[in-house]
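The values are calculated or read from the model by the stated rules, or taken from the named source; none is laboratory data. None of these values were measured; they are calculated from a predicted model. Cβ coordinates were reconstructed from backbone atoms using ideal geometry, including for glycine residues, and neighbour counts include every protein chain displayed.
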Amino acid sequence: MATVDVYIRDTIWTYMIPIGFLTILLFLFVTDSFKVIRQWYCSKYLTNFSELHDEIIEPVKKALFADLNNIDSSLTDLRNKGLIRILEIGIGSGSNLKYYPQQCRLVIVDPSPHFKQYFTENINKFPDINWNDTFFERNPKSASSGMGGHYYFLEHVVAPHNTKRWKLQQLANWTGLWKWLHDGCVFRRLDEDIAKAGFSDLDISTFTLDDEAQSSKSKLVQMISPHIVGVAIK
């Protein structure tokens, strides 16, 4: 084989093929052509992670949802039956179902259809919950609650400014990798967004999972340690 042929072959294998492969990956990443694969991965990965996360924050969730049995529905037909309607936005695999009143009317919203498999497996454990899957993949604005509705929230948020964790979160936001790997999730000041939403009453508090993150040795738990929890009334 001529020297020039060897040079061309080595150049192709050393530079052209890797560059071409990376270019294709970059194109797929930028255009989000991996959306179906990404959503499938996210639903499986986040369902597994939610088991660890829910175990850590179970006491917080119990306290948050404790008064659901004391709420009177604004809908006459449900109120007369002693029932309430619950709209959960981003229901995922349904990790909150065990905290909901039996025989409640549940409307679910989630942008990823791949969670439906895990949710269906979970909802079968609660046969008394009447649920409606009409809103899978639909805009949650089309299913907003009426006046007097209670908004329960438990979210991880951005860390205090200029801390090491804050810098890591900002890097994750800037690269877009965190958002891509976690199906649109970004680190934000959700407490400020909720405060500006115009609720008539708002009860909000903050907590961290620092101790739990150390014991679990989970890098993801450490990354999302700062949380907010509370109830807002429309």
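Miscellaneous remarks
- Residues of segment 92-121 that are among the aliphatic types (A, V, I, L, M) and more than 17 Å from G149 (Cβ to Cβ): L97 alone.
- Residue list for segment 188-201, filter: buried (at least 16 other Cβ atoms within 10 Å of the Cβ) and either out of contact with any strand residue (DSSP E or B) (no Cβ under 9 Å at 6 or more places or on another chain) or at pLDDT 90 or above (or both): I194
- Applying the criterion of at least 1 residues that are free of Cβ contacts under 8 Å to residues at least 40 places away in the same chain and closer than 15 Å to K219 by Cβ to the helices (runs of 4 or more DSSP H) found wholly in segment 158-200 leaves 164-175, 177-181.
- Any hit, segment 109-124, residues being surrounded by 17 or more Cβ atoms within 10 Å (Cβ to Cβ), assigned to a loop (DSSP other than H, G, I, E, B), in contact with a Ser or Thr (Cβ under 6 Å, 6 or more places away or on another chain) and at pLDDT below 85: yes
- Top-ranked residue of segment 53-74 - restricted to ones that are within 14 Å of Y100 (Cβ to Cβ) and assigned to a loop (DSSP other than H, G, I, E, B), ranked as modelled with the highest pLDDT: F65
- Checked against the criteria, E88 counts as surrounded by 17 or more Cβ atoms within 10 Å (Cβ to Cβ), outside any loop (DSSP other than H, G, I, E, B) and among the charged types (D, E, K, R).
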